[in-house]
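Take a look at the structure set out below.
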Amino acid sequence: GHKRGAFTGAFEDRAGRIAAAGQGTLFLDELATTCTQNQAKLLRVLESKKYECIGSSDTNMMACRIVSATNANIRELIASNEFREDLYYRLNTVEIRVPSLRERKEDILPIAQYYLETIGKEYQKPELTFSKHCQDKLIAHPWPGNTRELKHTIERAIIFSDSSVIELEHLSQDSAPVEHSQPVAPLAQVEEALIIKALEQANGNINVSAELLGISRSALYRRIEKHGVQYKKYL
């Protein structure tokens, strides 16, 4: 956190994550991606239970519990000097390993169903179901990206579904276990078709279309210009 006036643009006090957590729990996700400089800062706080806000000389006491997570191999990162060994042992009081989806295939469909229901409501498609072939393929896929890959796949299927049943063709082509019966089309042709599909579903709204495609507004404009898509006709 920082105090007002601590640096250019600091127009008001801002509580940091540790202060905001209070006496609760602070969750540090993807800890392995933390730079070595911040690893040293975190270790100091964990060891001393003390921290200071930028622009303040007051010392505060940390009262929250720390829970961290990563999908990286920490021991390999320690061996390559990318992660501090002392920080690892300071955090590793209780270690819980969550099995990957390929190790618990019985959980794939319940998790997929949860995403189908929750994300379906966001896209105003609350009554969607999976076809039997779709369920079989979801179970058979190894899911190297685990639940994030599964969620991405389900969301893509919801976006491109045109009925109440999610079929194989609705699944994401780059991650889902789809057996393509149709011939492969040129990449530019596929990209143009996806842009048009998104514009149609978003009624020409560029912001919504960009969100559906998972790209920025400026990136979508570049692709529209590249393919010569007349997006205003979808308004």
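I want to confirm something. Restricting to segment 1-26 and keeping residues that are surrounded by 14 or more Cβ atoms within 10 Å (Cβ to Cβ) and within 27 Å of the chain's Cα centre (by Cα), which single residue is farthest from Tyr88 (Cα to Cα)?
In this case the residue turns out to be Arg14.
For (1) modelled with pLDDT of 90 or more; (2) of a type in the set (Asp, Glu), each residue gets a yes or a no:
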{"position": "Glu85", "(1), (2)": "yes, yes"}
{"position": "Tyr89", "(1), (2)": "yes, no"}
{"position": "Val98", "(1), (2)": "no, no"}
{"position": "Gln113", "(1), (2)": "yes, no"}
{"position": "Thr118", "(1), (2)": "yes, no"}
{"position": "Tyr123", "(1), (2)": "no, no"}
{"position": "His133", "(1), (2)": "yes, no"}
{"position": "Trp143", "(1), (2)": "no, no"}
{"position": "Asn146", "(1), (2)": "no, no"}
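With the checklist (1) part of a loop (DSSP other than H, G, I, E, B); (2) aliphatic (A, V, I, L, M); (3) in contact with a Phe, Trp or Tyr (Cβ under 7 Å, 6 or more places away or on another chain) in hand, flag the one item Ile158 doesn't pass.
Result: Ile158 fails condition (1) only.
Taking only segment 172-182 into account, find how many residues are open to solvent by less than 80 Å² (accessible area, probe 1.4 Å) and either at pLDDT 85 or above or under 27 Å from Thr70 (Cα atoms) (or both).
4
Tally up the residues in segment 102-152 that are open to solvent by less than 50 Å² (accessible area, probe 1.4 Å) and in contact with a Gly (Cβ under 9 Å, 6 or more places away or on another chain), please.
1
Based on what the data block shows, is Glu167 of a type in the set (Asp, Glu), modelled with pLDDT of 85 or more and either open to solvent by 70 Å² or more (accessible area, probe 1.4 Å) or within 24 Å of Gln135 (Cβ to Cβ) (or both)?
In short, yes.
Among the candidates Ile74, Ile78, Ile54, which residue alone is out of contact with any Ser or Thr (no Cβ under 8 Å at 6 or more places or on another chain), aliphatic (A, V, I, L, M) and within 27 Å of Pro142 (Cβ to Cβ)?
Ile74
Go through (1) over 16 Å from Thr147 (Cβ atoms); (2) surrounded by fewer than 14 Cβ atoms within 10 Å (Cβ to Cβ); (3) within 23 Å of the chain's Cα centre (by Cα) and name the single condition Gln37 misses.
Gln37 satisfies every listed condition except (3).
I'd like to check something: does segment 41-62 contain any residue that is at pLDDT below 90, farther than 30 Å from Ala157 by Cβ, open to solvent by 90 Å² or more (accessible area, probe 1.4 Å) and β-branched (Val, Ile, Thr)?
The answer is yes, given that some residue of segment 41-62 is at pLDDT below 90, farther than 30 Å from Ala157 by Cβ, open to solvent by 90 Å² or more (accessible area, probe 1.4 Å) and β-branched (Val, Ile, Thr).
Select from segment 206-235 the residues that are outside any helix (DSSP H, G or I), in contact (Cβ under 8 Å) with a residue 24 or more places away in the chain and surrounded by 11 or more Cβ atoms within 10 Å (Cβ to Cβ) and list them in ascending order.
Once the filter is applied, which keeps residues that are outside any helix (DSSP H, G or I), in contact (Cβ under 8 Å) with a residue 24 or more places away in the chain and surrounded by 11 or more Cβ atoms within 10 Å (Cβ to Cβ), segment 206-235 yields only Val229.
The values are calculated or read from the model by the stated rules, or taken from the named source; none is laboratory data. Keep in mind that what you see is a predicted model, and the values were worked out from it rather than measured. Every residue, glycine among them, receives a Cβ derived from its backbone with ideal geometry; neighbour counts consider all protein chains shown. The area values use the complete protein model at the heavy-atom level, side chains included, leaving out ligands, DNA and RNA. Shrake-Rupley method; radii C 1.70, N 1.55, O 1.52, S 1.80 Å.
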